[in-house]
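Trainee: For reference, the structure I am asking about is given below.
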Amino acid sequence: MSNLTINLTPQLYSYLQSTSLREPEILKQLREETAALPQGRMQISPEQGQFMRLLVEILNARKTVEIGVFTGYSALCTALSLPPEGKLIACDVNKEWTDIAQRYWQKAGIAQKIKLKLKPALDTLAELIHQGEANSFDFIFIDADKQNYKNYYEFALQLLRPGGLVAVDNVLWSGKVADPTIQDASTISIREFNGHLLQDPRITLSLLPLGDGLSLARKR
């Protein structure tokens, strides 16, 4: 037994996936196509996607937002777990990547649940608030440009209902956040964002060493 989180060796990671991963074939196909792209490392891990599906089910989520779509794997995870009347507002600016996403959403039969907003996410989030949708969303996933993490998060808290959940990816940033000699803009932004969440009395917080680090913040 140990009072520290176990280190995932390649052998143990393979065992984790073989004994717990229930990845639908459509998700596997999208993950494998994305992995072949030059930017394939931006893709979340399949076990993180499965965990997000569980969160959506636990929340009985109906209304969700995703900030940063890439090729649509995480959005597909969320949409598959939403009820038929559920909706996901998907925010991105890259048509090439989201064209792949939309192809798989159609193939999975859940495209009607997803509304893609192909413009800066801050504009979309501000519009949702202006349209009277504050305090009405159940789940929001943030996985976009790191220097805007705090801005996305502040909008997310306005949009979430009390008890709603925001999940934020890449908060361990390949370990760079723990190395004080690394001072690039994205790393600094994530460090500052993590500190902001730690001190925020509006949420209940947990940072999980899942994938590249996943912070969960439940709106009080």
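Trainee: For the range 77-105, which positions are in a loop (DSSP other than H, G, I, E, B) and either in contact with a Pro (Cβ under 7 Å, 6 or more places away or on another chain) or open to solvent by 20 Å² or more (accessible area, probe 1.4 Å) (or both)?
Mentor: P83, P84, E85, V93, N94
Trainee: Please indicate, with yes or no, whether at least one residue in the range 142-157 is over 23 Å from H196 (Cα atoms) and either among the acidic types (D, E) or in contact (Cβ under 8 Å) with a residue 40 or more places away in the chain (or both).
Mentor: So far as the range 142-157 goes, no, none of its residues is over 23 Å from H196 (Cα atoms) and either among the acidic types (D, E) or in contact (Cβ under 8 Å) with a residue 40 or more places away in the chain (or both).
Trainee: Scanning for something open to solvent by less than 10 Å² (accessible area, probe 1.4 Å), β-branched (V, I, T), within 22 Å of G49 (Cα to Cα) and in contact with a strand residue (DSSP E or B) (Cβ under 7 Å, 6 or more places away or on another chain), does the range 174-192 turn up at least one residue?
Mentor: No; the residues of the range 174-192 include none that is open to solvent by less than 10 Å² (accessible area, probe 1.4 Å), β-branched (V, I, T), within 22 Å of G49 (Cα to Cα) and in contact with a strand residue (DSSP E or B) (Cβ under 7 Å, 6 or more places away or on another chain).
Trainee: While we're here: Taking the range 164-173 on its own, how many of its residues are open to solvent by 10 Å² or more (accessible area, probe 1.4 Å) and assigned to a strand (DSSP E or B)?
Mentor: 1
Trainee: Being in a helix (DSSP H, G or I) and more than 20 Å from V65 (Cβ to Cβ), is that true of even one residue in the range 203-219?
Mentor: Scanning the range 203-219 turns up no residue that is in a helix (DSSP H, G or I) and more than 20 Å from V65 (Cβ to Cβ).
Trainee: Would you call S74 under 23 Å from Q147 (Cβ atoms), in a helix (DSSP H, G or I) and among the polar types (S, T, N, Q)?
Mentor: In short, yes.
Trainee: Report, ordered by the first and then the second residue, all pairs with beta carbons closer than 6 Å, sequence separation of six or more or different chains, a first member in the range 111-135 that is within 14 Å of A75 (Cα to Cα), and a second member that is open to solvent by less than 70 Å² (accessible area, probe 1.4 Å) and in a loop (DSSP other than H, G, I, E, B).
Mentor: Qualifying pairs under 6 Å: K113/L82; K113/G86.
Trainee: Between a residue in the range 31-42 that is surrounded by fewer than 16 Cβ atoms within 10 Å (Cβ to Cβ) and any residue that is assigned to a helix (DSSP H, G or I), which pairs come within a Cβ distance under 6 Å, given they are 6 or more apart or on different chains?
Mentor: Note: pairs meeting the criteria are G40/T34.
Trainee: Give the residue that is least open to solvent (accessible area, probe 1.4 Å), with candidates limited to residues of the range 106-131 that are out of contact with any Cys (no Cβ under 9 Å at 6 or more places or on another chain) and assigned to a strand (DSSP E or B).
Mentor: Per the stated criteria, the residue is I114.
Trainee: Another one. Within the set of pairs 6 or more residues apart or between chains, which connect a residue that is farther than 14 Å from R62 by Cα inside the range 158-170 to a residue that is open to solvent by 10 Å² or more (accessible area, probe 1.4 Å) and acidic (D, E) with Cβ atoms less than 8 Å apart?
Mentor: Listed pairs, sorted by first residue: V168/D143; D169/D143; D169/D212; N170/D143; N170/D212.
Trainee: Being surrounded by fewer than 15 Cβ atoms within 10 Å (Cβ to Cβ) and within 29 Å of L157 (Cβ to Cβ), is that true of even one residue in the range 14-25?
Mentor: Checked against the condition, which is being surrounded by fewer than 15 Cβ atoms within 10 Å (Cβ to Cβ) and within 29 Å of L157 (Cβ to Cβ), the range 14-25 yields no hits at all.
Trainee: I've got another one for you. What are the residues in the range 193-220 that are open to solvent by 30 Å² or more (accessible area, probe 1.4 Å) and among the small types (G, A, S), if any?
Mentor: Residues satisfying the conditions are G195, S206, G211.
Trainee: Of everything in the range 47-71 that's over 16 Å from L27 (Cα atoms) and in a helix (DSSP H, G or I), which residue is least open to solvent (accessible area, probe 1.4 Å)?
Mentor: V56
Trainee: Then there's this: Answer with yes or no whether A134 is open to solvent by 10 Å² or more (accessible area, probe 1.4 Å), in contact with a helix residue (DSSP H, G or I) (Cβ under 6 Å, 6 or more places away or on another chain) and either of a type in the set (D, E, K, R) or farther than 19 Å from E25 by Cα (or both).
Mentor: So A134 passes the test.
The values are calculated or read from the model by the stated rules, or taken from the named source; none is laboratory data. All figures in this text were calculated on a predicted structure; none of them were measured in a lab. Please note: Cβ atoms are built from the backbone with ideal geometry, for glycine as well, and neighbour counts cover all protein chains shown. Protein only, heavy atoms only, side chains kept; ligands, DNA and RNA dropped before computing areas. Shrake-Rupley method; radii C 1.70, N 1.55, O 1.52, S 1.80 Å.
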